[in-house]
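Here the structure is laid out as structure tokens; the discussion comes afterwards.
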Amino acid sequence: MSGILIYGPDPGFLGGSWWWLAVVAPYSSMPLVLFHTIGTSAAVLGLILLLGRAFDPIIHVPAPAGSMTLTLYSAHLLFMASGILKDRPFASLAVQAGAAVTFAVVWRSLIGKGPLESALGAVSGKVRSRVGSSRPSRH
């Protein structure tokens, strides 16, 4: 039976019945599984959004970290590649999370956009202006 869930049914399986679409198996991508996954995701997202309003003073502190994800993710990759604290995952998590939030809060209050976000924004702005100026007008 597990082969059917992995490779699909033989052409004559279930006589071409539409009941095959009602199979509920992990990662089957059948309509009922997708409906359940989307519904659960929407419910969790709605709950988090509601809780976000209640915990706004707490969430407001690490919010700058969300505005510079490219910079922080790049720093995370460099930290992980260095091998520092590789044998102590919980200490690594604490150091990285603490450093990321602290850096983001200080940087955001002193300078604004994250360093990589600023650089990427400058490059994309130049490309946008060049592409926009080289387009023939449609008048």
- Please go through region 91-114 and pick out each residue that is more than 16 Å from GLY66 (Cβ to Cβ) and surrounded by 11 or more Cβ atoms within 10 Å (Cβ to Cβ). ALA91, SER92, LEU93, ALA94, VAL95
- If you go through region 47-60 one residue at a time, do you hit one that is at pLDDT 90 or above, at negative phi, surrounded by fewer than 11 Cβ atoms within 10 Å (Cβ to Cβ) and not aliphatic (A, V, I, L, M)? no
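Name the one entry in LYS126, LYS86, LYS113 that is closer than 28 Å to ILE58 by Cβ and out of contact with any Cys (no Cβ under 7 Å at 6 or more places or on another chain). Before the answer, list the steps.
Working: LYS126 fails: closer than 28 Å to ILE58 by Cβ; LYS86 fails: closer than 28 Å to ILE58 by Cβ.
Residue meeting the stated conditions: LYS113.
The values are calculated or read from the model by the stated rules, or taken from the named source; none is laboratory data. Treat the numbers as computed from the prediction; the structure is a model and nothing was measured. As a convention, Cβ positions derive from the backbone with ideal geometry for all residues, glycine included, and neighbour counts pool all protein chains shown.
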